[in-house]
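Chemist: Once you've had a glance at the structure underneath, I'll fire off some questions.
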Amino acid sequence: MSNPLQDPAFFQNPYPAFDALRSVSPVQEVPSGGGRSSYLVTGYAEAREAFADLRLSKDTARFFAGKDTGRNLHPAVSQSMLATDPPQHTRLRSLVTKAFTPGAVARLRPYIASVTDELLNEWVPGEQTDVIESFAVPLPVTVICQLLGVPDADRAAVRAWSNELFAAGRPERIDSASHAVAGYMADLIAFKRRAPDDSLLNDLIRARDGEDRLSEDELVSLAVLLLVAGHETTTNLIGNGLLALLQTPGSLHRLRDEPDLVDAAVDELLRLDSPVSLATFRFTTEAISLGGTEIPAGSPVLIAPGAANRDPARFWEPDRLDLNRATKGHLAFGHGIHRCLGAPLARAEAEIAFRRIVARFPRLRLAVPNAELRRRPTRLVRGLESLPVLP
């Protein structure tokens with residue numbers, strides 16, 4: 001049994017593989033290396049059901065207990081909030097939810113807009129620039145680092161470690177990056193204890209030291225998760241979304257003429273080319289039936305939002321960008337108790353970014369042929385290595 005997820009072509013364009021798998025069954029067993037297998041969910045209805053099914057555990061420590069994985073991931077990464085179930089997950093999530101409510105994000109919008117304008121001021125009309133390097137990375141990195149109180153001088157290292165954490169097929173690089181970023185956050189926490197400020201990180205330190213609602217390991221892990229997850233999705237959303245608009249100039253021109261459409265456009269761009277191709281690891285705590293497939297207890301399950309969002313049973317002509325599409329219910333941010341905590345922030349950053357870009361650069365176009373664009377070599381997230389444009 002071959003695994004299409006291991007094909008190098010999957011990184012460039014996973015959708016033909018997803019379509020082929022879904023046409024056979026919306027849930028099926030695929031090889032995952034080392035003689036092991038996983039169950040891959042590519043159908044929309046089945047993915048939504050799986051996201052909400054508490055019999056699918058995210059407690060990776062429980063799954064791998066006593067097993068030699070040959071890995072050396074730092075516990076701050078391998079046992080983050082993403083890898084927990086209730087009640088632990090509920091407790092950890094409650095400590096950071098208030099920072100990402102619509103109201104909290106609304107208060108951040110002026111800062112997001114000012115960072116956006118500063119970055120776009122560096123774009124010179126007619127002079128080639130890389131959207132990823134000059135904008136899609138620094139915007140969300142700057143915002144999440146500002147929230148956490150990460151010094152300006154350290155932000156390039158933060159991005160480099162984050163990039164390494166998604167290096168498919170290079171476990172040694174992933175493991176090394178996990179220790180680097182965890183060590184950095186432990187040092188930053190120690191510094192913040194000596195010199196407290198009004199950052200979200202200090203709020204978490206107070207929950208640890210004052211209210212005793214966090215262990216020290218949980219504090220470091222939560223800080224690492226916020227740092228990495230706080231920008232990865234948005235970077236890919238901006239890059240993927242802007243590319244989709246550039247490839248369909250009619251939609252780009254329409255957004256310029258009708259800026260009030262931008263909010264809805266963000267959802268359609270999320271659906272069309274989801275920043276997350278495969279959601280993080282889950283496993284069955286008991287035998288379940290999903291999409292007509294029987295999955296034994298103890299089986300790894302991979303849910304593919306990128307595939308679900310292009311399921312023709314849910315979205316008509318799913319491979320086409322349609323700014324009039326009713327996209328309510330797309331799964332780009334997941335679903336259920338593990339739905340992306342930072343979704344309101346990611347949406348706000350993307351919405352402000354697209355509004356400013358289409359308004360300020362009416363002649364924006366790709367600087368290279370589509371065939372020269374390369375995707376990051378990772379199965380979990382879907383993003384561009386670079387996006388050269390002429391403003």
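Chemist: Determine the pairs where a residue that is closer than 19 Å to P4 by Cα and in contact (Cβ under 8 Å) with a residue 12 or more places away in the chain, located within the range 373-391, has a partner that is of a type in the set (S, T, Y) and part of a loop (DSSP other than H, G, I, E, B) with Cβ atoms under 8 Å apart, the partner being 6 or more residues away or on another chain.
Modeler: The qualifying pairs are R374/S386; R379/S277; L380/S277; L380/T280; V381/S277; R382/S274; R382/S277.
Chemist: Among the residues of the range 223-230, is any of a type in the set (A, V, I, L, M, F, W, C) and either touching a Pro at 6+ places or on another chain (Cβ under 9 Å) or closer than 16 Å to A332 by Cα (or both)?
Modeler: yes
Chemist: Might you check whether a residue that is without any contact (Cβ under 8 Å) to a residue 40 or more places away in the chain, assigned to a helix (DSSP H, G or I), in contact with an Asp or Glu (Cβ under 9 Å, 6 or more places away or on another chain) and surrounded by fewer than 19 Cβ atoms within 10 Å (Cβ to Cβ) occurs anywhere in the range 116-130?
Modeler: The answer is no; no qualifying residue exists.
Chemist: Something else about it: Sort out which residues of the range 340-382 are part of a loop (DSSP other than H, G, I, E, B), of a type in the set (K, R) and closer than 21 Å to H231 by Cα, and write them in order of number.
Modeler: Across the range 340-382, the qualifying residues are R374, R376, R379, R382.
Chemist: From the list F51, F135, exactly one residue is under 20 Å from the mean Cα position of the chain (by Cα), within 30 Å of P388 (Cβ to Cβ) and aromatic (F, W, Y). Which is it? Spell out how you get there, then give the answer.
Modeler: On the way: F51 fails: within 30 Å of P388 (Cβ to Cβ).
From the options F51, F135, the qualifying one is F135.
Chemist: Right, next: Those residues that are at pLDDT below 95 and either outside any loop (DSSP other than H, G, I, E, B) or farther than 24 Å from P312 by Cα (or both), I need them from the range 1-15; list them, please.
Modeler: M1, S2, P4, L5, Q6, P8, A9, F10, F11, Q12
Chemist: Could you identify the single residue in S176, S221, S274 that is assigned to a loop (DSSP other than H, G, I, E, B), at negative phi and among the hydroxyl-bearing types (S, T, Y)?
Modeler: Selected residue: S274, the only one of S176, S221, S274 that is assigned to a loop (DSSP other than H, G, I, E, B), at negative phi and among the hydroxyl-bearing types (S, T, Y).
Chemist: Can you list residue pairs whose Cβ atoms sit under 9 Å apart, with the first residue in the range 192-221 being farther than 17 Å from Q146 by Cα and the second being β-branched (V, I, T) and part of a loop (DSSP other than H, G, I, E, B)? Count only pairs 6 or more apart in sequence or on different chains.
Modeler: Pairs that qualify, where the first residue is farther than 17 Å from Q146 by Cα and the partner is β-branched (V, I, T) and part of a loop (DSSP other than H, G, I, E, B): there are none.
Chemist: Going through S299, S289, S251 one at a time, which residue ends up being over 26 Å from R36 (Cβ atoms), among the small types (G, A, S) and surrounded by fewer than 23 Cβ atoms within 10 Å (Cβ to Cβ)?
Modeler: Just one listed residue meets the conditions, S251.
The values are calculated or read from the model by the stated rules, or taken from the named source; none is laboratory data. This structure is a prediction, so every number in the text was calculated from the model and none was measured. Reconstructed Cβ throughout: ideal geometry from the backbone, glycine too, with neighbour counts over all protein chains shown.
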